């Protein structure tokens, strides 16, 4: 029952956009994350990626795929990057059991010549709660 309320509340927040107090929604999401009855399980199909070689200044879009392998909806409460050169994006809606979602990260290689290793930290309603996704590659100088 708690999950149903959280799911309906999250859908309400998405439908209402900026007209609803976001802190109330974040508190509700955090309670789902911490409630062991709402925990699910996940499978990351590509938690480590190599984007190869890019030229200084190019932007690279990385997509990490996660499958909800449990019986409760997967709620991703936050995604954070290891530095300001990476902007992560999470699915706003819960991911249904058996379904797949995508965490996106845009890496701006400007001024990052050399080997680049970046992390995206994900918090969700699983027993582990925190996952670290890695992407790496090489940024070549402009010619």
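Yes or no: the stretch 26-34 includes at least one residue that is buried (at least 17 other Cβ atoms within 10 Å of the Cβ), modelled with pLDDT of 95 or more and under 18 Å from the mean Cα position of the chain (by Cα). No, the conditions are met nowhere in the stretch 26-34.
Taking the stretch 115-132 as the range and being within 14 Å of residue 60 (Cβ to Cβ) and surrounded by 12 or more Cβ atoms within 10 Å (Cβ to Cβ) as the test, the residues that pass are 116, 118, 120. Give just the number: which of (1) out of contact with any helix residue (DSSP H, G or I) (no Cβ under 8 Å at 6 or more places or on another chain); (2) at pLDDT below 95; (3) surrounded by fewer than 15 Cβ atoms within 10 Å (Cβ to Cβ) does residue 106 not satisfy? With (1) out of contact with any helix residue (DSSP H, G or I) (no Cβ under 8 Å at 6 or more places or on another chain); (2) at pLDDT below 95; (3) surrounded by fewer than 15 Cβ atoms within 10 Å (Cβ to Cβ) applied to residue 106, the lone miss is (2). Residue under question is residue 112, and the condition is that it be modelled with pLDDT of 95 or more and either part of a strand (DSSP E or B) or exposed (fewer than 15 other Cβ atoms within 10 Å of the Cβ) (or both); does it hold? Here the answer is no, as residue 112 does not meet what is asked. Across the stretch 67-81, the qualifying residues are those that are surrounded by 16 or more Cβ atoms within 10 Å (Cβ to Cβ) and closer than 21 Å to residue 137 by Cβ, and the one among them that is farthest from the chain's Cα centre (by Cα) is 81.
The values are calculated or read from the model by the stated rules, or taken from the named source; none is laboratory data. Keep in mind that what you see is a predicted model, and the values were worked out from it rather than measured. Here Cβ is always computed from backbone atoms with ideal geometry, including for glycine, and neighbour counts include all displayed protein chains.
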